[in-house]
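Have a look at the structure below before the remarks.
The values are calculated or read from the model by the stated rules, or taken from the named source; none is laboratory data. If you're wondering where the values come from, they're calculated on a predicted model, not measured in any experiment. Cβ atoms come from the backbone with ideal geometry, glycine included; neighbour counts cover every protein chain shown. Side chains included, ligands, DNA and RNA excluded: accessible areas come from the protein's heavy atoms. Shrake-Rupley method; radii C 1.70, N 1.55, O 1.52, S 1.80 Å.
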Amino acid sequence: MNFKTLFSEKTLGDLDLPHRIVMAPLTRCRSSQPGDIPNALNAEYYKQRSSAALIITEATQISPQGKGYAFTPGIHSAEQIQGWGKITDAVHSENSHIFMQLWHVGRVSHSAIQVDNALPVAPSAIAVEGQAFTEQGMLDFEVPRALELNEIPSIVEQYKQAAINAKQAGFDGVEIHAANGYLLDQFLKDGTNKRNDIYGGSIENRTRLVLEVVQVVIDVWGGSRVGIRISPTGTFNSMSETNPQALYNYLVDKLNQFNLAYLHVVERFGDDASEDFDFYELRRIFNGAYIANGGYTGQLAEQSLDSNQSDFVAFGAPFIANPDLPEKIKQGAPLNPADPDTFYGGDSKGYTDYPSLVDAST
Ligand code: PHB
């Protein structure tokens, strides 16, 4: 297979990237405790993967309230900012680029994780199905507390402060996580947003919080250093939406006012795929780069780029098991399989010990 377009240069915002393979955000639950602090092992992991044209970090909680899983890192304390600084230094020492993914989980949390055992917050008091991953093990999700209207500015403020902190930690930019059933997605979709104030009901109202968050984040970074991730058809975390095409066409059109670097679209997640959603409409509406994600191989990525469906392709699971994924794709080398047992939590096993082609030849 000829990967001519995949290995051609392209600008993303104001960054000149050497090729089109992006490392997708991947939750790995290996921060230091107590305090959810990024550490030297995390730095080694990211450094190993710095042949990605751009690394997007694992989802990172913007505040204690934004945390939903044990051992995920944060970007709200001095120690966390310092820890991330080691990671940005490591990636920059390899001449690569790294954006931080800003995350508030909303209802996908548990009182056992929250400060003072408070209930998780959400647009409406509707529980997610399943169990939360806490320091005490798996616990059934609870019915969250619906945010009061006068609390919304504090949510926006959490994103702003996290954006400031990410800048201090030396990142090249940030990605706003508005996908996969977390807080911003809970506001967007009508299965989880039953509010009857200005943040619920109409599409205009349900997109309001996301647009307010994007505004404060670009105030910190400038649009060219900000991306946003969405999952229009995603059902992960018990999500549903009656009319995704209308919702996301509207949202993406509104995002154009910010001149963002990119729109990162989860086109499928696991077995989740929708045939009747037209992602190409979003690509056509959006005025920045389109990053496609979800089940791509090198060949599918090249086809997507060549047919002008995307500008970059983000790979998730393949990057877990293949630190030098771009080189392997280029050479057509077989990929290491990823071991799901070591995806979440643990140590260097299944994290920094996957061999690259160089390791395999020595
Ligand atoms: C997860 O921990 O499974 C997870 C986290 C963030 C996502 C998706 C999945 O966006």
Given a 1.4 Å probe, the accessible area of the chain per residue, as a whole number of Å², is 39 Å²
Please quote Rg/Rh for the chain to two decimal places, taking the Kirkwood radius as Rh and restricting both calculations to Cα atoms. 0.94
Ranking request for peptides 141-152, 116-127: highest mean number of other beta-carbon atoms within 10 Å first, then the rest in descending order. 116-127, 141-152
Largest first and in whole Å, give the semi-axes of the range 104-221's equivalent ellipsoid, each being the square root of 5 times a Cα gyration tensor eigenvalue. 23, 20, 12
Expected output is a single nm value to one decimal: the length gained when fully extending between Glu204 and Asp359, i.e. 0.36 nm times separation in residues minus the C-alpha distance. What is it? 50.6 nm
For the range 59-113, with equal point scatterers placed on the C-alpha atoms only and solvent neglected, what are the log10 I(q)/I(0) values from the Debye formula at q = 0.14, 0.18 1/Å, to two decimals? -0.42, -0.63
Return the FRET efficiency for the residue pair Glu148, Ser240: r is the Cβ-Cβ distance, R0 is 25 Å, and the value is rounded to the nearest 0.05. 0.55
Order these peptides, 105-114, 158-167, by their mean beta-carbon neighbour count within 10 angstrom, highest first. 105-114, 158-167
Return the percentage of antiparallel bridges among DSSP beta bridges fully within the range 44-144, rounded to the nearest 5 %. 40 percent
Could you state the number of Å between the C-alpha centres of the range 235-263 and the range 306-360? 28 Å
Can you tell me the Rg and Dmax of the range 39-197, counting just the alpha carbons, in angstroms? 16.3, 50
Please compute the length gained on full extension between Arg284 and Glu135, using 0.36 nm multiplied by the number of residues separating them and subtracting their Cα-Cα distance. 49.3 nm
Glu175 long-range amide H proximity, modeled H, under 5 Å: Met100, Gln101, Leu102, Gly227
Which is farthest toward the positive dipole end of the range 10-360 among Tyr250, Asn287, Tyr182, measuring Cα position about the Cα centre, with Cβ charges +1 (Lys, Arg) and -1 (Asp, Glu)? Asn287
Kyte-Doolittle mean at least 0.5 and Cα axial length at least 15 Å: DSSP H helices in the chain: 208-221
Subset of Lys67/Lys189; Lys86/Lys167; Lys86/Lys328; Lys47/Lys349; Lys10/Lys328; Lys47/Lys328 violating a 23 Å alpha-carbon distance limit: Lys86/Lys328
Apportionment of accessible area to carbon and sulfur, the range 10-360, percent (1.4 Å): 49 percent
So what's the back-of-envelope 222 nm ellipticity for the chain, counting only DSSP H runs of four-plus at -39500 (n - 2.57) apiece and dividing by all residues, rounded to 500? -8500 deg cm²/dmol
Treat the range 196-324 as a sphere of radius equal to its Kirkwood radius over Cα pairs and apply Stokes-Einstein at 20 °C in a medium of 1.002 mPa s; give the translational diffusion coefficient in µm²/s, rounded to a whole number. 137 µm²/s
Take every DSSP beta bridge whose two residues both sit in the chain, then give the antiparallel share in percent to the nearest 5. 20 percent
Debye equation applied to the C-alpha atoms of the range 321-362, log10 I(q)/I(0) at 0.32, 0.33 Å⁻¹: -1.13, -1.17
Along the dipole axis of the chain (charges at Cβ: +1 for Lys and Arg, -1 for Asp and Glu; origin at the Cα centre), the most positive-end residue among Ile56, Thr11, Asn39 is Thr11
